[in-house]
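Participant: Okay, here's the structure, questions in a sec.
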Amino acid sequence: MTIILSHFLLFLFICYSNGLIFLKKINHLTNANNFYEISIIGLAVTILAAQIINFFYPLNNLLIYLNIILIIYFIIRNKKTFLNNLKISYVIFIPILIISILNIYGSKFSDDINHYHYGSILNTDNHNYIWGLSHLHNVYGTSSIWLIGHSYFNFEEYRLQDIHILNGIILFLITCLFASEIGLVNKKKNNYSIIIFSILIFILLKYTRLKEFGIDRPAFLFFYFLIYYYLKNFLYNKNIVKFNDFLILCLICFLIIFIKIIFLSILIIPFYLMVKYRKKLFKINFKSALIFFIGLSFFLKNILISGCLIFPIDFLCFESISWNNLKGVKEITIMMDTINKSWFLYSGDLTQSQYLNNFNWISTWINRNFTELLEFLITVILCILITISCFKKKKFLKKIENVKYKEFQLVLLLLILFSLAIFFQAPIIRMFHHILILIMVLFLFTLIKEKKIVLKNNLILFFLITAIFFNGYKNILRIKKEHFINDPLRAVSAYIWKPHEKKIDNFSYFQGWFGQSPIGNENLKGLSHKKKFIFDIIYKKKL
């Protein structure tokens with residue numbers, strides 16, 4: 001417990017401090033910022049920076065120590081700024097900290113940790129980007145930035161534990177932010193409070209098990225933050241739209257897409273804002289160059305790892321690049337199609353290709369996923385009913401910006417439609433929570449958009465406390481089931497096998513998932529290795 005709490009508070013301190021440094025650097029520290037928002041922005045920019053650093057240097061413990069030194073230097077020079085923004089309500093902070101720690105302590109290990117997550121984190125901890133890394137494991141080609149975040153926010157000897165701690169931090173920050181924004185503590189009422197409250201209840205009821213987070217749920221949590229940030233700074237902001245807000249929104253969009261490429265449709269939001277506010281947002285300066293540079297770093301990283309701009313989309317792969325993994329693209333595409341569309345449960349007469357095409361898979365898929373889909377739908381409907389019971393509508397507002405509201409509804413509809421289109425290509429419910437969340441937001445927004453809303457604080461407080469208790473109690477039961485012992489290494493011991501050392505040329509690698517690095521599950525027989533400057537390159541010799 002001591003390790004969990006100390007690492008949690010240390011990483012939280014780093015997120016907050018890096019957020020302050022970034023916001024001060026772009027001259028965007030305002031009274032509208034709060035501890036949780038600053039920390040979420042700090043977490044995002046730290047992980048985006050780690051993606052760039054890893055081109056040249058492994059994300060080992062040294063970087064955490066250097067980051068702490070930088071923060072200490074910043075605090076010495078900006079003590080007042082640091083303390084002024086460190087205002088938190090303990091009524092919110094303490095209960096949500098408790099359930100976050102319970103979530104961490106009650107987690108065994110992530111579902112995909114022995115598949116490719118741990119190997120990816122281990123490799124990034126010990127190496128800068130290896131060109132052709134996806135040859136070691138096909139799924140390395142997807143190179144989620146959240147796994148890069150895990151590599152940055154861990155101490156090597158506690159890596160298995162720190163994986164849960166980072167997931168716990170994003171859960172803690174989003175939950176605290178939304179709880180502070182519904183106006184129960186500071187009495188500050190926002191027009192979007194009721195929408196934020198509905199998402200908060202959903203998070204507390206649905207996200208109760210950190211071992212299920214993987215790289216999907218962190219993307220959802222940042223997506224919920226994106227909804228909040230858009231509502232606060234663009235839809236309901238009566239002041240002038242600021243480029244700095246647009247910059248942060250773009251960085252959050254990038255982070256979400258870099259975690260899961262299936263979120264590509266959210267680029268609709270910054271593109272819409274650029275068109276609407278083109279005179280204010282279309283600028284050529286250092287900040288706009290930063291947006292371009294971070295986007296470029298993602299594609300360059302992908303090319304180095306797999307030979308593709310986006311893996312595993314075959315037409316975005318470069319056959320002329322000697323380290324490309326076109327074989328892996330075909331293998332993983334077929335594998336994902338057959339698993340995602342429940343081919344192995346089909347008992348009819350269609351061939352595999354016939355089954356996978358023309359939506360012939362839908363009936364089998366529904367039978368396979370009915371319970372999960374039903375539970376998810378019930379949770380969303382319950383959140384809507386709870387939310388509706390917590391407010392009442394009064395008279396119409398005098399000055400209504402109908403055009404602004406209709407445009408927001410259009411953006412939501414486009415996001416839903418584009419997300420559905422992607423979903424039918426990769427129908428995995430756990431990867432598409434945001435579709436039903438968007439429908440929930442659209443429904444509630446349509447219900448309240450032109451009304452003056454009066455919140456029933458007693459009901460809001462009751463449901464919030466109930467949801468917090470529900471989340472914590474589920475994890476207490478898990479902890480009790482494990483006899484109050486939290487030992488990640490023991491939990492995964494049955495899944496660890498001794499890695500086998502292999503060699504191509506003078507390059508050593510390992511088959512397995514836990515131990516020495518670079519590690520993966522593939523045999524590199526038939527491939528070659530060479531060293532160019534600081535980079536290892538795994539490539540195919542030209543015939």
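The values are calculated or read from the model by the stated rules, or taken from the named source; none is laboratory data. It should be emphasised that the depicted structure is a prediction, and the values quoted were computed from it without experimental measurement. Every residue, glycine as well, gets a Cβ built from its backbone with ideal geometry; the counts of neighbours run over all protein chains shown. Only protein heavy atoms, including side chains, enter the accessible area calculation; ligands, DNA and RNA are left aside. Shrake-Rupley method; radii C 1.70, N 1.55, O 1.52, S 1.80 Å.
Participant: Compute the orientation-averaged projected area for the chain from the convex hull of its Cα atoms and round it to one decimal in nm².
Facilitator: So the Cα hull casts an average projection of 27.0 nm².
Participant: How are the C-alpha pair distances of the stretch 108-205 spread across 10 Å bins, as whole percents from the shortest bin up?
Facilitator: Calculated over all Cα pairs of the stretch 108-205, the distribution is 14, 35, 23, 19, 9, 1 percent.
Participant: Another one. Counting pairwise Cα distances across the stretch 407-543, what percent come out greater than 23 angstrom?
Facilitator: Details: 6539 of 9316 pairs.
So the portion of pairs separated by more than 23 Å is 70 percent.
Participant: Tell me the volume per residue, in Å³, of the convex hull enclosing the alpha carbons of the stretch 47-175.
Facilitator: 123 Å³
Participant: Under Stokes-Einstein, with the Kirkwood radius over Cα pairs standing in for Rh, what whole-number D in µm²/s applies to the stretch 325-395 at 37 °C and 0.692 mPa s?
Facilitator: Here the translational diffusion coefficient equals 215 µm²/s.
Participant: Can you send over the solvent-accessible area of D245, 1.4 Å probe, protein chains only, in Å² to the nearest 10?
Facilitator: The accessible area of D245 comes to roughly 10 Å².
Participant: Can you compute the radius of gyration and Dmax for the stretch 314-436, using only the Cα atoms, both in Å?
Facilitator: 21.1, 67
Participant: Ok, one more. Which order do you get for L377, L444 if you rank them by accessible area with a 1.4 Å probe, largest at the top?
Facilitator: L377, L444
Participant: Another question, then. How far, in degrees from 0 to 90, does helix 402-423 lean away from the longest principal axis of the Cα atoms of the chain, to the nearest 10?
Facilitator: Once rounded, one gets 30 degrees.
Participant: Then there is this: May I ask for the Kirkwood hydrodynamic radius of the stretch 138-281, worked out over all distinct Cα pairs and given in angstroms to one decimal?
Facilitator: 16.7 Å is the Kirkwood radius here.
Participant: Could you sort R478, R77 by their accessible area in this structure, using a 1.4 Å probe and putting the largest first? Could the numbers behind the result be given before it?
Facilitator: Values: R478 40, R77 165 Å².
Listed by decreasing accessible area, they come as R77, R478.
Participant: Let me ask another. Specify whether the C-alpha gyration tensor of the stretch 430-477 places it in the rounded, prolate or oblate class, a ≥ b ≥ c being the square roots of the eigenvalues: rounded for a/c under 1.5, otherwise prolate if a/b is larger than b/c and oblate if not.
Facilitator: Oblate shape, in that a/c is at least 1.5 and b/c is the bigger or equal ratio.
Participant: Could you please state, rounded to a whole Å, how far the C-alpha centre of the stretch 192-237 is from the C-alpha centre of the stretch 426-440?
Facilitator: Taking the Cα centre of each part, the stretch 192-237 and the stretch 426-440 sit 13 Å apart.
Participant: Once the Cα atoms of helix 159-181 and of the chain are each reduced to a long axis, what angle between those two axes, in degrees from 0 to 90 to the nearest 10, is obtained?
Facilitator: Between helix and principal axis, roughly 20 degrees.
Participant: Report, largest value first, the span of the C-alpha coordinates of the stretch 79-141 along each principal axis, in whole Å.
Facilitator: Here the spans come out as 49, 33, 16 Å, largest first.
Participant: Could you compute how much accessible surface E212 exposes when probed at 1.4 Å, giving the result in Å² to the nearest 10?
Facilitator: Rounded to the nearest 10, the figure is 80 Å².
Participant: Where the accessible area of the stretch 413-490 is counted over protein heavy atoms with a 1.4 Å probe, how much of it, in %, is carbon and sulfur?
Facilitator: Values: 3030 of 4170 Å².
With neighbouring chains kept in place, the figure for the stretch 413-490 is 73 percent.
Participant: Could you estimate the translational diffusion coefficient of the stretch 227-313 from the Stokes-Einstein equation, with Rh from the Kirkwood formula over C-alpha pairs, at 37 °C and 0.692 mPa s, in whole µm²/s?
Facilitator: Answer from the Stokes-Einstein relation: 234 µm²/s.
Participant: Another question, if that's okay. For the stretch 1-102, give the percent of accessible area contributed by carbon and sulfur heavy atoms, probe 1.4 Å, rounded to a whole number.
Facilitator: 70 percent
Participant: Length gain on complete extension for the stretch Y73 to N506, per 0.36 nm per residue less the alpha carbon to alpha carbon distance?
Facilitator: Separation in residues times 0.36 nm, less the Cα-Cα distance, equals 151.6 nm.
Participant: What distance in nm separates the simple spin-label points at L10 and L62, each placed 7 Å from Cα in the Cβ direction?
Facilitator: 1.8 nm
Participant: Further question on the same structure: Quick one: Debye curve from the alpha-carbon atoms of the stretch 214-366 only, equal weights, vacuum; give me log10 I(q)/I(0) at q = 0.10, 0.12, 0.14, 0.18 Å⁻¹ to two decimals.
Facilitator: These q points yield log10 I(q)/I(0) values of -0.53, -0.72, -0.88, -1.10.
Participant: If I ignore ligands, DNA and RNA and count only protein heavy atoms, how much of K530 is accessible to a 1.4 Å probe, in Å² to the nearest 10?
Facilitator: Roll a 1.4 Å probe over it and K530 shows about 90 Å².
Participant: Also, quick follow-up: Cα extents of the stretch 32-102 along the three principal axes, largest first, in whole Å?
Facilitator: 43, 34, 22
Participant: Over the chain, give the accessible area per residue in Å² for a 1.4 Å probe, as an integer.
Facilitator: Heavy-atom SASA per residue in the chain reads 46 Å².
Participant: If you don't mind, there's one more thing I want to ask. So for the stretch 216-269, what percent of the C-alpha to C-alpha distances run longer than 16 Å?
Facilitator: Pairs farther apart than 16 Å: 37 percent.
Participant: Within 12 Å, Cβ to Cβ, of S306, how many net charges do the neighbouring residues add up to if Lys/Arg are +1 and Asp/Glu are -1?
Facilitator: Summing Lys and Arg as +1 and Asp and Glu as -1 gives +1.
Participant: Can you tell which of A50, Y73, V91 lies farthest toward the positive end of the dipole of the stretch 1-112, using +1 and -1 charges on the Cβ of basic and acidic side chains (Lys, Arg; Asp, Glu)?
Facilitator: Of A50, Y73, V91, it is Y73.
Participant: Moving on. Using helices alone, I'd like the mean residue ellipticity at 222 nm for the chain: each DSSP H run of four-plus residues gives -39500 (n - 2.57), total over residue count, nearest 500.
Facilitator: -19000 deg cm²/dmol
Participant: Now for a different question. Considering only protein heavy atoms, with the full assembly of protein chains and a 1.4 angstrom probe, order L356, L477 by accessible area, largest first.
Facilitator: Largest accessible area first, the list is L477, L356.
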